[in-house]
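Everything below concerns the one structure shown next.
The values are calculated or read from the model by the stated rules, or taken from the named source; none is laboratory data. Just so it is clear, the structure is predicted and the values come from calculations on it, not from any experiment. We place every Cβ from the backbone using ideal geometry, glycine too, and count neighbours over all the protein chains shown. Calculation scope for accessible area: heavy atoms of the full protein, side chains included, ligands and nucleic acids excluded. Shrake-Rupley method; radii C 1.70, N 1.55, O 1.52, S 1.80 Å.
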Amino acid sequence: MLDSKIPSGSIEKKWTERKFENKLVNPANRRKHTIIVVGTGLAGASAAASLAEQGYKVKVFTYHESPRRAHSIAAQGGINAAKNYQNDGDSVQRLFYDTIKGGDYRAREANVYRLAEVSVNIIDQCVAQGVPFAREYGGTLTNRSFGGTQVSRTFYAKGQTGQQLLLGAYSGLMRQVAEKTVELFSRHEMLDLIIRDGKARGIVTRNLVNGDITSHTGDAVLLATGGYGNVFFLSTNAKASNTTAAWRAYKRGAYMANPCFTQIHPTCIPVSGEHQSKLTLMSESLRNDGRVWVPQKTGDNRNALEIPEEERDYFLERMYPAFGNLVPRDVASRAAKRMCDEGRGVGSSKLAVYLDFAESINRMGEAKVREKYGNLFQMYEKITDENPYKVPMRIFPAVHYVMGGLWVDYDLMSNIPGLFVLGEANFSDHGANRLGASALMQGLADGYFIAPYSVGNYIGLQKLAAIKSDDDSVKATTQAVKDRLEGFKKIKGNQSAETLHRKLGKIMWDHCGMARNEKGLKEAISQIKTLKEEFWNTLWVPQNDHCLSSEIEKAGRVADFIELGELMCLDALERKESCGGHFREEMQTPEGETLRDDANFSHVAAWEFMGDKPKLHKEALTFEFAHIAQRNYK
Amino acid sequence: MKLKLKIWRQEGPSSPGKFVDYDMDHVSPDMSFLEMLDVLNVGLVKKGETPVEFDHDCREGICGSCALMINGNAHGPETGTATCQLHMRRFKDGDSVIIEPWRAKAFPVIKDLATDRTAFDRIMAAGGFISTNTGNAPEANSILIGHDTAESAMDSAACIGCGACVAACKNSSAMLFVSAKVSHLAQLPQGHPERAKRVRGMVTQMDNEGFGNCSNTGACEAACPKEIKLENITRLNREMVRAVFKD
Ligand SMILES: Cc1cc2nc3c(=O)[nH]c(=O)nc-3n(C[C@H](O)[C@H](O)[C@H](O)COP(=O)(O)OP(=O)(O)OC[C@H]3O[C@@H](n4cnc5c(N)ncnc54)[C@H](O)[C@@H]3O)c2cc1C
Ligand code: SF4
Ligand code: FES
């Protein structure tokens with residue numbers, strides 16, 4: 001059993017206790033410690049800026065051209081915090097409880113409580129930085145609702161909340177760059193992790209502009225490298241989002257936890273053709289004012305406006321009267337899939353349902369709807385050439401987020417000492433399903449308020465010997481990266497990494513997507529093994545790797561995605577229960593809802609790399625504070 | 001539909017570049033412009049030719065990575081649209097399409113259509129922030145900001161840092177970008193203590209990076225995918241005057 005190092009004591013006091021127990025590092029000594037941060041999304045930028053403010057020497061890496069381009073920029077809807085500004089009964093305890101329940105009781109209680117606790121500080125911090133959150137006329141902050149909750153606790157900046165939060169964190173980071181406490185390496189991709197004496201001591205990177213492979217060493221390594229939803233090829237993630245940093249750490253011994261826990265978001269723009277390169281999210285906030293429906297009759301080919309009210313089935317409102325259109329994402333996605341499986345899907349592909357704003361436009365007027373959602377409506381129109389103020393949007397579920405990620409303890413440290421994992425890259429807080437507006441909260445909680453404490457404690461406890469650039473561990477890891485690149489060049493096939501990636505995506509979506517079963521998962525594992533061979537026999541990359549080359553970048557990422565895909569299927573196969581986004585068809589209630597098996601699966605599955613046969617470690621999940629129950633949104 | 005592409009190819013920062021012609025057959029009107037380039041690249045790989053490099057990531061108009069000059073227009077023919085949001089339905093069968101990188105001294109070409117826009121990061125480091133350390137923020141609602149002020153600050157803050165304003169300007173001025181950040185922070189009370197220092201720092205850095213002067217042609221506003229308004233430049237100028245009087 002894995003030890004998550006949760007402090008003892010009552011849940012309200014655990015974090016305060018831990019902060020007090022932590023070792024402190026004398027401010028004058030902090031300058032002597034180099035911290036490596038990989039990633040400049042919300043988690044990475046906030047951690048790097050905060051650690052630099054504390055006085056550490058920070059080196060920050062991103063494959064992006066600028067830290068501001070990290071994928072967090074694309075988050076639309078909002079960020080949760082238990083401020084209870086709306087006086088609607090919200091509290092730290094309620095946010096904690098909603099998150100645990102939303103995650104279908106597969107998250108670690110102590111972490112989630114802490115997340116809810118620090119959520120209030122995040123809003124203060126962001127406002128101080130100048131994040132232009134939406135306001136009431138009286139000047140106070142305003143809120144909206146998100147799925148899986150019955151209170152209004154989501155803060156937002158139009159439909160660009162992620163952008164504004166990231167620009168806030170980025171501005172804090174650039175201030176430290178100007179102060180020379182942070183050294184910024186943009187267009188640098190981490191390709192391996194350096195371990196010495198069992199501890200994480202550095203990384204090996206490729207300079208994406210000129211191809212140089214170099215090593216960087218320090219006292220701790222923080223991975224804030226985002227999620228791996230692109231293993232499905234089509235997802236709402238940015239094109240370059242990938243698993244390489246996490247996967248390389250896994251291959252060096254870090255455990256990968258609950259890799260099969262994937263979030264399929266109910267409201268995305270449906271696929272339009274073979275050429276499709278990514279999917280676009282329509283923020284969950286739209287479900288506040290939009291109503292989801294399909295025709296009552298199967299095979300109804302009339303266009304939406306011709307279908308009279310009484311022949312429409314507002315299926316979420318019908319099936320879940322208490323939460324209606326605001327049920328959690330996994331529940332809404334499965335319901336939409338069921339409608340399409342019944343032959344009631346809409347649009348030319350029949351793989352879509354309507355999200356209709358007619359009623360809200362009637363109620364509050366088009367101008368108000370435009371103020372709340374204008375940029376989303378515009379985005380929809382650009383892609384589909386349809387005007388959502390006039391005709392209902394067509395939406396369908398798509399891969400959006402991964403709850404799985406590298407295993408971390410309460411201090412966000414992986415099983416490799418000195419390797420910390422933050423943001424979407426870790427597995428910690430969302431269990432088997434994440435509630436909307438909680439990823440931004442978690443990324444910033446990790447970066448601003450948790451890592452600065454736990455990294456300091458780690459540094460305070462260590463007596464690390466200096467590590468030189470000619471150390472054996474550094475040389476060997478650097479050489480391994482070079483050999484792998486040469487390996488890609490030697491294949492000299494005729495397929496682009498992208499073509500192979502699309503094939504992987506199809507296998508994953510068909511067998512490890514919204515519904516999974518034993519036969520399909522076994523089939524997927526065997527198909528992925530074949531695809532892996534195909535990759536290593538038919539890949540083409542340019543021979544010149546001393547310049548900007550997306551083909552070389554993609555080759556490494558797709559090779560890692562293929563291996564990860566196999567582990568995800570294995571994890572899904574082993575978890576013989578349904579919970580949150582993990583729906584095993586064999587395990588469901590008579591109404592088609594998820595059926596957990598708490599007796600056998602109330603654990604985190606953490607996988608250790610062992611060549612062909614990964615080894616499963618378990619961390620038991622116990623619930624002392626939240627009352628464990630079957631989820632019910634009816 | 002069929003298209004004739006003329007694409008700028010350049011091997012590296014110091015190599016000379018040239019236009020190369022490519023014929024595209026089966027372009028679907030539902031494709032995005034970048035998906036059309038993806039199809040071109042997959043085809044080039046099949047033939048063992050080096051694909052065309054271009055920056056992109058989110059493909060939904062928010063990260064500011066994509067940056068193509070299309071038939072002489074920054075981000076193409078449509079207003080309020082980033083390159084990645086442009087769809088092929090805006091083109092006709094048989095069209096010729098010229099595709100170039102941003103052209104500006106401060107944005108050197110890295111390869112083909114990808115340029116180096118880190119000058120923007122350095123401008124941000126020169127003052128585009130509020131100096132507040134993690135942990136010492138006051139309670140959020142203790143700072144009251146009127147609804148309209150917040151909305152207006154948000155409109156300025158919507159800039160994605162793509163650089164189209166620079167590419168569209170005959171002087172390669174970065175005024176619209178810089179003014180968007182200056183006016184975002186100048187409109188908010190939190191931004192006031194550092195407003196003079198901020199505007200001076202950012203404008204000085206902008207000049208040092210080799211961006212040109214603003215001669216008020218408005219080409220930047222027309223090209224901006226986020227419809228950042230010229231009034232931001234007016235605000236920046238006011239901030240500059242204020243900063244001078246403060247000295
Ligand atoms: C379209 C969309 C909308 C969303 N909307 C919301 C929302 O409204 N509310 C909400 O709470 N959540 C939302 N989410 C989820 C949320 O945006 C993400 O989970 C979160 O932003 C992830 O932040 P991060 O800091 O962990 O990683 P990211 O922002 O993905 O950053 C990863 C960073 O790591 C770097 N990196 C990765 N690998 C390497 C490597 N090998 N070498 C060097 N650098 C590397 C990247 O360059 C980047 O800087 C949304 C997600 C999507 C896709
Ligand atoms: S002002 Fe507009 S064109 Fe200029 S960088 Fe910002 S978003 Fe791009
Ligand atoms: S790719 Fe992100 S704005 Fe175009």
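Data table
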| read-out | value |
| --- | --- |
| Filter pass, A:TYR156 being over 13 Å from A:GLY78 (Cβ atoms) and within 21 Å of the chain's Cα centre (by Cα) | no |
| Scan of the range A:198-214 for residues that are within 14 Å of ligand 1 (Cβ to nearest atom) and more than 26 Å from the chain's Cα centre (by Cα), ordered by number | A:VAL209, A:ILE213, A:THR214 |
| Selection within the range B:133-173 - open to solvent by less than 20 Å² (accessible area, probe 1.4 Å), in contact with a helix residue (DSSP H, G or I) (Cβ under 6 Å, 6 or more places away or on another chain) and more than 16 Å from ligand 2 (Cβ to nearest atom) | B:ALA140 |
| Single residue of the range B:49-92 satisfying the filter (hydroxyl-bearing (Ser, Thr, Tyr) and more than 10 Å from chain A (Cβ to nearest Cβ)) that is most open to solvent (accessible area, probe 1.4 Å) | B:THR79 |
| Verdict on B:ASP121 being acidic (Asp, Glu) and more than 7 Å from every other protein chain (Cβ to nearest Cβ) | no |
| Pairs, first in a loop (DSSP other than H, G, I, E, B) in the range B:67-93, second among the basic types (Lys, Arg), C-beta under 7 Å, six or more apart | B:PRO77/B:ARG90; B:GLU78/B:ARG90; B:THR81/A:LYS382; B:ASP93/B:LYS2 |
| Residue, modelled with the lowest pLDDT, within the range A:256-282, restricted to residues that are among the polar types (S, T, N, Q) and assigned to a loop (DSSP other than H, G, I, E, B) | A:SER272 |
| Residue within the range A:82-95 that is in a loop (DSSP other than H, G, I, E, B), within 9 Å of ligand 1 (Cβ to nearest atom) and either more than 8 Å from chain B (Cβ to nearest Cβ) or of a type in the set (A, V, I, L, M, F, W, C) (or both) present | no |
| A:GLN125 being modelled with pLDDT under 95 and within 11 Å of chain B (Cβ to nearest Cβ) | no |
| Output for the range A:233-256, where each listed residue is open to solvent by less than 10 Å² (accessible area, probe 1.4 Å) and more than 11 Å from ligand 1 (Cβ to nearest atom) | A:TYR250, A:ALA254, A:MET256 |
| Residue selected from the range B:36-58 under the condition in a loop (DSSP other than H, G, I, E, B) and more than 16 Å from ligand 2 (Cβ to nearest atom), by the criterion nearest to A:SER72 (Cα to Cα) | B:PHE54 |
| Within the range A:103-134, tally of residues that are in a helix (DSSP H, G or I), buried (at least 24 other Cβ atoms within 10 Å of the Cβ) and of a type in the set (Val, Ile, Thr) | 4 |
| Odd one out for B:PRO29, checked against (1) in contact (Cβ under 8 Å) with a residue 12 or more places away in the chain; (2) closer than 26 Å to B:ALA104 by Cα; (3) assigned to a loop (DSSP other than H, G, I, E, B); (4) not aromatic (Phe, Trp, Tyr) | (2) |
| Among residues of the range B:137-164, those that are assigned to a loop (DSSP other than H, G, I, E, B) and facing chain A (nearest Cβ under 8 Å), counted | 10 |
| Residue within the range A:197-214 that is farther than 30 Å from A:ALA559 by Cα, facing another protein chain (nearest Cβ under 9 Å), among the polar types (S, T, N, Q) and open to solvent by 10 Å² or more (accessible area, probe 1.4 Å) present | no |
| Selected residue (criterion: farthest from ligand 2 (Cβ to nearest atom)) from residues of the range A:63-93 that are among the hydroxyl-bearing types (Ser, Thr, Tyr) and touching a residue at least 40 places away in the same chain (Cβ under 8 Å) | A:TYR85 |
| Checking B:LYS226 against (1) touching a Leu at 6+ places or on another chain (Cβ under 6 Å); (2) among the charged types (D, E, K, R); (3) within 16 Å of ligand 3 (Cβ to nearest atom), the condition it does not meet | (1) |
| Criterion: over 27 Å from A:GLY227 (Cβ atoms), in contact with an Asp or Glu (Cβ under 6 Å, 6 or more places away or on another chain), hydrophobic (A, V, I, L, M, F, W, C) and within 16 Å of ligand 3 (Cβ to nearest atom) - qualifying residue of B:MET88, B:MET36, B:MET1, B:MET69 | B:MET69 |
| Residue ID - least open to solvent (accessible area, probe 1.4 Å), chosen from residues in the range B:188-247 that are touching an Asp or Glu at 6+ places or on another chain (Cβ under 7 Å) and not in a loop (DSSP other than H, G, I, E, B) | B:VAL199 |
| Residue match in the range A:174-188 (condition: under 23 Å from B:ALA114 (Cβ atoms), crowded, with 24+ Cβ neighbours inside 10 Å and within 9 Å of another protein chain (Cβ to nearest Cβ)) | yes |
| From the options B:MET31, B:MET24, residue that is in contact with a Lys or Arg (Cβ under 8 Å, 6 or more places away or on another chain) and open to solvent by less than 50 Å² (accessible area, probe 1.4 Å) | B:MET24 |
| Every pair of residues 6+ apart whose Cβ atoms lie under 6 Å, when the first sits in the range A:382-397 and is β-branched (Val, Ile, Thr) while the second is part of a strand (DSSP E or B) | A:ILE395/A:THR267; A:ILE395/A:LEU355 |
| Filter pass, A:HIS617 being surrounded by 15 or more Cβ atoms within 10 Å (Cβ to Cβ), out of contact with any helix residue (DSSP H, G or I) (no Cβ under 9 Å at 6 or more places or on another chain) and of a type outside the set (Val, Ile, Thr) | yes |
| Residue match in the range B:207-230 (condition: within 14 Å of chain A (Cβ to nearest Cβ), of a type outside the set (D, E, K, R) and within 16 Å of ligand 1 (Cβ to nearest atom)) | no |
| Cβ-Cβ under 8 Å pairs, at least 6 apart or on other chains, the range B:162-189 side closer than 30 Å to B:SER142 by Cα and away from ligand 3 (no atom under 16 Å from the Cβ), far side among the polar types (S, T, N, Q) and open to solvent by 10 Å² or more (accessible area, probe 1.4 Å) | B:GLN187/B:THR149; B:GLN187/B:SER152; B:LEU188/B:THR149 |
| Sole exception among (1) in contact (Cβ under 8 Å) with a residue 60 or more places away in the chain; (2) open to solvent by less than 10 Å² (accessible area, probe 1.4 Å) for A:PRO321, by number | (2) |
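Yes or no, residue by residue, for (1) without any contact (Cβ under 8 Å) to a residue 12 or more places away in the chain; (2) open to solvent by less than 40 Å² (accessible area, probe 1.4 Å); (3) among the hydroxyl-bearing types (Ser, Thr, Tyr); (4) more than 11 Å from chain B (Cβ to nearest Cβ):
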| position | (1), (2), (3), (4) |
| --- | --- |
| A:ASN258 | no, yes, no, yes |
| A:HIS265 | no, yes, no, yes |
| A:VAL271 | no, no, no, no |
| A:LYS278 | no, yes, no, no |
| A:ASP289 | no, yes, no, yes |
| A:GLN296 | no, no, no, yes |
| A:GLY299 | no, no, no, yes |
| A:ALA304 | no, yes, no, yes |
